[in-house]
Amino acid sequence: MAHKIRTVIQITGSAEHVWEVLTDFDSWPEWNAADPGFSGSLKEGAKVELTSATPTGKTQNLKIKLTVVDPSRQLTWESGLPLLFKARHTFRIQAEEGGCTVHNDAFFRGLLVPFIRGQLLTETMFRETNRGLKRRAESGEGGENQVRRDDDRSIR
């Protein structure tokens, strides 16, 4: 069983600046309601702790492994138990003229997914994270502080 979430948002600002905002983990509680806490080293292969929200409003502390740390391009982490539950979350930044596109995706698989799906992050939560990242990044580079709804969308 598998469950995917794929979202994308346009952000005015350089990929480097968006990366700086994304990896400023101390500021996550200010803009990232889905994952308000992150502690550990930002290096590939590092095992870190992530505080993640659930759709019910509770938080849970997860041990995750950073599998891709490619500055200004991609941040990916994985967690779970083989066969039972595996999660992969990826932020991918694509530089473009006048800004960048940020893909915020997750893939959940394993035997437990159908039973715990209600406890997993939702597309709405991912979109809120996208809008928070956009507000934070654009306020630091003089971009518009308002987020247009059509800038934030899901990918099917």
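At-a-glance table
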| item | result |
| --- | --- |
| Relative contact order %, the chain, counting alpha carbon pairs below 8 Å whose residues are six or more apart | 33 |
| Rounded tilt (10° steps) of 123-140 against the dominant C-alpha axis of the chain | 30 |
| Neighbour count of at most 15 Cβ within 10 Å plus DSSP loop: longest GluC sites (Glu not before Pro)-free window in the chain | 45-96 |
| Per-bin percent of Cα-Cα distances, segment 92-137 [10 Å] | 21, 42, 24, 11, 1 |
| Cα-based Rg / Dmax (Å) for the chain | 15.0, 46 |
| Nonlocal Lys pairs with alpha-carbon distance under 23 Å, segment 2-154 (8 or more apart, or different chains) | 15 |
| For the chain, built as a Gaussian network whose Cα springs stay under 10 Å, the top-fluctuating residue of Asn32, Asn104, Asn61 | Asn61 |
| R0 of 30 Å, Cβ-Cβ distance Ser139-Arg117: FRET efficiency to nearest 0.05 | 0.30 |
| Theoretical gain in end-to-end length, Lys63 to Lys43 [0.36 nm per residue, Cα-Cα removed] | 5.7 nm |
| Trypsin sites (Lys or Arg not before Pro) within segment 26-108, DSSP loop, no more than 10 other Cβ atoms inside 10 Å | Lys43, Lys58 |
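Only the coordinates and a few stated rules stand behind these numbers; no lab work does. Remember, it's a predicted structure, so these values are computed and weren't measured experimentally. Cβ coordinates were reconstructed from backbone atoms using ideal geometry, including for glycine residues, and neighbour counts include every protein chain displayed.
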